[in-house]
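Just below is one structure, and these are the notes that go with it.
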Amino acid sequence: MNHEKYQRNVILQCPTCGCCDFSYDEGVDESIQLMICASCERELTREELIHENSENIHKHVSEIKKDIADEIRNSLKKAFSSSKNFRIK
């Protein structure tokens, strides 16, 4: 399995203006990073930004799941292609 094929960068967008450029200020705790949109200057925590982009993130995860399932199915078909006792749909 080619692991590089499944590495992706998901571009997070500002939920207000759709801009992809952010600056951030690190807080006391790493989990509390304040992300500031370069266009509209909206301030969001890192968790809020991820939550607002969750639909896009889940779309990428679903694509990867489908690709992996197809690859496993094809490798099983190839492995058992000469066997008469196994059928893979």
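The values are calculated or read from the model by the stated rules, or taken from the named source; none is laboratory data. A quick note: this is a predicted structure, and the numbers were derived from the prediction, not measured. Here the Cβ is made from the backbone with ideal geometry for all residues, glycine too, and neighbour counts use every protein chain on show. Ligands, DNA and RNA are excluded from the accessible area calculation, which covers all protein heavy atoms including side chains. Shrake-Rupley method; radii C 1.70, N 1.55, O 1.52, S 1.80 Å.
What the table below lists for this structure:
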{"read-out": "Matching residues in region 38-61 - criterion: being basic (Lys, Arg) and modelled with pLDDT under 90", "value": "Arg46"}
{"read-out": "Cross-chain or 6+ apart pairs with Cβ under 8 Å, region 61-89 first and within 23 Å of Ile50 (Cβ to Cβ), then assigned to a loop (DSSP other than H, G, I, E, B) and not basic (Lys, Arg)", "value": "Ile68/Met1"}
{"read-out": "Matching residues in region 44-70 - criterion: being surrounded by 12 or more Cβ atoms within 10 Å (Cβ to Cβ) and acidic (Asp, Glu)", "value": "Glu47, Glu48, Glu52, Glu63, Asp67"}
{"read-out": "Unmet requirement for Asn74, which otherwise passes all of (1) under 22 Å from Asn9 (Cα atoms); (2) open to solvent by 60 Å² or more (accessible area, probe 1.4 Å); (3) among the polar types (S, T, N, Q)", "value": "(1)"}
{"read-out": "Single residue of region 1-37 satisfying the filter (surrounded by 12 or more Cβ atoms within 10 Å (Cβ to Cβ), part of a loop (DSSP other than H, G, I, E, B) and at pLDDT below 85) that is nearest to the chain's Cα centre (by Cα)", "value": "Ile32"}
{"read-out": "Filter pass, Cys40 being more than 29 Å from His3 (Cα to Cα) and open to solvent by 40 Å² or more (accessible area, probe 1.4 Å)", "value": "yes"}
{"read-out": "Selection count where residues are more than 24 Å from the chain's Cα centre (by Cα) and within 13 Å of Lys5 (Cβ to Cβ), scope region 56-85", "value": "0"}
{"read-out": "Any pair with Cβ under 9 angstrom, 6 or more apart, that starts in region 1-26 at a residue that is more than 13 Å from Cys37 (Cα to Cα) and of a type outside the set (Lys, Arg) and ends at one that is in a loop (DSSP other than H, G, I, E, B) and open to solvent by 90 Å² or more (accessible area, probe 1.4 Å)", "value": "Glu26/Ile32"}
{"read-out": "Pick from region 27-56, criterion among the charged types (D, E, K, R) and in contact (Cβ under 8 Å) with a residue 24 or more places away in the chain, ranking: nearest to Ile68 (Cα to Cα)", "value": "Glu52"}
